[in-house]
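The values are calculated or read from the model by the stated rules, or taken from the named source; none is laboratory data. Just so you know, these numbers come straight off a predicted model, no measurement behind them. Here the Cβ positions follow ideal geometry from the backbone for every residue, glycine too, while neighbour counts run over all protein chains shown.
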Amino acid sequence: MRIAVLTGAGMSADSGIQTFRGAGGLWEGHRVEDVATPEAWLRDPALVLQFYNERRRGVLAAQSNRGHLALAELAQQHDVHIITQNIDDLHERAGSNKVLHLHGEIVKARSERNAGLIVDCRTDLHLGDLASDGAQLRPHIVWFGEMVPMMEPAIGIVEDADVILIIGTSMVVYPAASLFQYSKPQAPVFVINPEQPEMSRSARIQFITQRAVTGVDHFIQEILPAL
Ligand code: OAD
């Protein structure tokens, strides 16, 4: 079976990485427009670099959780394609190899002049750290107001999927939140989230009201065999 898995911050919450919204969320402590927009980068690049340096340190210190591992194991039986809004590499570290990052990757940086000039980055970035074209390196992250170039391949994956699994996203950031709507009308959609995200009601959407660490195993053991 071809399974498209759409993941958000809740997927990595049990690895100790903060989600964005809600009490204790990242956007409670920071203003999006100060740290995650092209305007912020122009106005105060040092602040933006500091914000993402903290995110990178957090990701490098974290480990994949049972949910990430279960998805990697699932790929031994099925054709599993992960489309993540997360900038961490915890799916890859769990062993998943078909992982598409919609919003970029914190362990990479790129030239601010040439979006195609991407390098690995596992240490803090500072002003004066230059790409090979001589331009300042910036985090390889999709900021609010920027295009989401990976949407097109992501849509193709969702269109071809037999089952859609949505894990740990509040479904409020577009275009990511619209992705599942490109699926075949007969493809069932399962949503793993301890709280029901904002989604239009539909008979083919079923909620698994659990955290990712238990919800993925529940889906694999109890639901998938019956499909
Ligand atoms: P949010 O922080 O908006 O939502 C996290 C979701 O995870 C919520 O629906 C929680 O109920 C759920 N959740 C919390 N703990 C969970 C757990 N242990 N298991 C499963 N689910 C859990 O995060 P995203 O939806 O990923 O974009 O946010 C989308 C985008 O907004 C991010 O990619 C980021 C952000 O601004 C950019 O920075 C471009």
How many residues of region 167-195 are crowded, with 22+ Cβ neighbours inside 10 Å, within 10 Å of the ligand (Cβ to nearest atom) and of a type outside the set (G, A, S)? The answer is 5
Being surrounded by fewer than 20 Cβ atoms within 10 Å (Cβ to Cβ) and either aliphatic (A, V, I, L, M) or under 27 Å from G156 (Cβ atoms) (or both) narrows V48, V119 down to just V119
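How many of the residues making up region 211-227 are farther than 16 Å from S183 by Cβ and in contact with an Asp or Glu (Cβ under 9 Å, 6 or more places away or on another chain)? Quick ask: steps written out before the conclusion?
We begin by selecting, within region 211-227, every residue farther than 16 Å from S183 by Cβ; these are 211-226.
Pick out the ones that are also in contact with an Asp or Glu (Cβ under 9 Å, 6 or more places away or on another chain) and you get 211-213, 220.
Of the residues in region 211-227, 4 are farther than 16 Å from S183 by Cβ and in contact with an Asp or Glu (Cβ under 9 Å, 6 or more places away or on another chain).
Could you list, in sequence order, all residues of region 1-16 that are under 21 Å from A177 (Cα atoms) and either within 10 Å of the ligand (Cβ to nearest atom) or free of Cβ contacts under 8 Å to residues at least 60 places away in the same chain (or both)?
As a first pass, look at region 1-16 and keep what is under 21 Å from A177 (Cα atoms): 2-13.
Scanning region 1-16 gives L6, T7, G8, A9, G10, M11, S12, A13.
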When region 185-227 is checked residue by residue, the ones that are among the hydroxyl-bearing types (S, T, Y) and within 24 Å of Y174 (Cα to Cα) are S200, S202, T209
Note on W41: of the conditions (1) within 27 Å of P153 (Cα to Cα); (2) more than 10 Å from the ligand (Cβ to nearest atom), unmet is (1)
Note: among L227, L137, L165, just one is of a type in the set (A, V, I, L, M, F, W, C), farther than 25 Å from N65 by Cα and in contact (Cβ under 8 Å) with a residue 40 or more places away in the chain, namely L227
Note on region 17-38: residues among the β-branched types (V, I, T), within 16 Å of the chain's Cα centre (by Cα) and more than 7 Å from the ligand (Cβ to nearest atom) are I17
When restricted to G128, G134, G145, the only residue within 15 Å of the ligand (Cβ to nearest atom) and either acidic (D, E) or on the phi > 0 side of the Ramachandran plot (or both) is G145
_Going residue by residue through region 206-219, is there one that turns out to be within 10 Å of the ligand (Cβ to nearest atom) and modelled with pLDDT under 95?_
no
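With respect to I118, is the statement that it is closer than 28 Å to A62 by Cα and within 11 Å of the ligand (Cβ to nearest atom) true?
Details: closer than 28 Å to A62 by Cα: yes; within 11 Å of the ligand (Cβ to nearest atom): no.
Taking the combined requirement at face value, the residue does not satisfy it.
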M147 fails exactly one of (1) surrounded by fewer than 22 Cβ atoms within 10 Å (Cβ to Cβ); (2) under 27 Å from A62 (Cβ atoms), namely (2)
- Message: Within region 70-78, does at least one residue satisfy the condition of being within 23 Å of G8 (Cα to Cα), within 16 Å of the ligand (Cβ to nearest atom) and either at pLDDT 95 or above or surrounded by 18 or more Cβ atoms within 10 Å (Cβ to Cβ) (or both)?
- Response: yes
